Amino acid sequence: MLHQNVDLYICEHCRLEFYDEEECLEHEKTHSPHFDGSTNEDIAKELDALGANACSFRVGDCVMGMTVHSFKNLMSVAARALRKGADDAGKK
């Protein structure tokens, strides 16, 4: 009888399975975006997307300890503030 052990690596974020540890680690990095060098507009778009998808992140009726509505509003206000800051800086 032939017996073989196979190591299986599973992404902590999406549960995708890999046979190679390095490949799994590289994939996991795609779930943690870095914003070095991003423009205010890029970050504002990410905040808008977080607000739009708030229901996906909720536990009960809360996201990070605040109601879904409050979380959406916070993301929207933050995105507007970033855009306004970029507009004000461009006018100087």
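The values are calculated or read from the model by the stated rules, or taken from the named source; none is laboratory data. Model, not experiment: these values are computed from the prediction. Virtual Cβ from ideal backbone geometry, glycine too; neighbours counted across all protein chains shown. These area figures cover heavy atoms from the full protein model, side chains too; ligands, DNA and RNA do not enter into them. Shrake-Rupley method; radii C 1.70, N 1.55, O 1.52, S 1.80 Å.
Summary of computed values
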| read-out | value |
| --- | --- |
| Residue among ALA86, ALA81 that is assigned to a helix (DSSP H, G or I) and in contact with an Asp or Glu (Cβ under 7 Å, 6 or more places away or on another chain) | ALA86 |
| Total residues in the stretch 49-66, condition open to solvent by 60 Å² or more (accessible area, probe 1.4 Å) and either in contact with an Asp or Glu (Cβ under 6 Å, 6 or more places away or on another chain) or under 19 Å from HIS31 (Cα atoms) (or both) | 8 |
| Count of the stretch 31-57 residues which are outside any helix (DSSP H, G or I), touching a helix residue (DSSP H, G or I) at 6+ places or on another chain (Cβ under 9 Å) and in contact (Cβ under 8 Å) with a residue 12 or more places away in the chain | 2 |
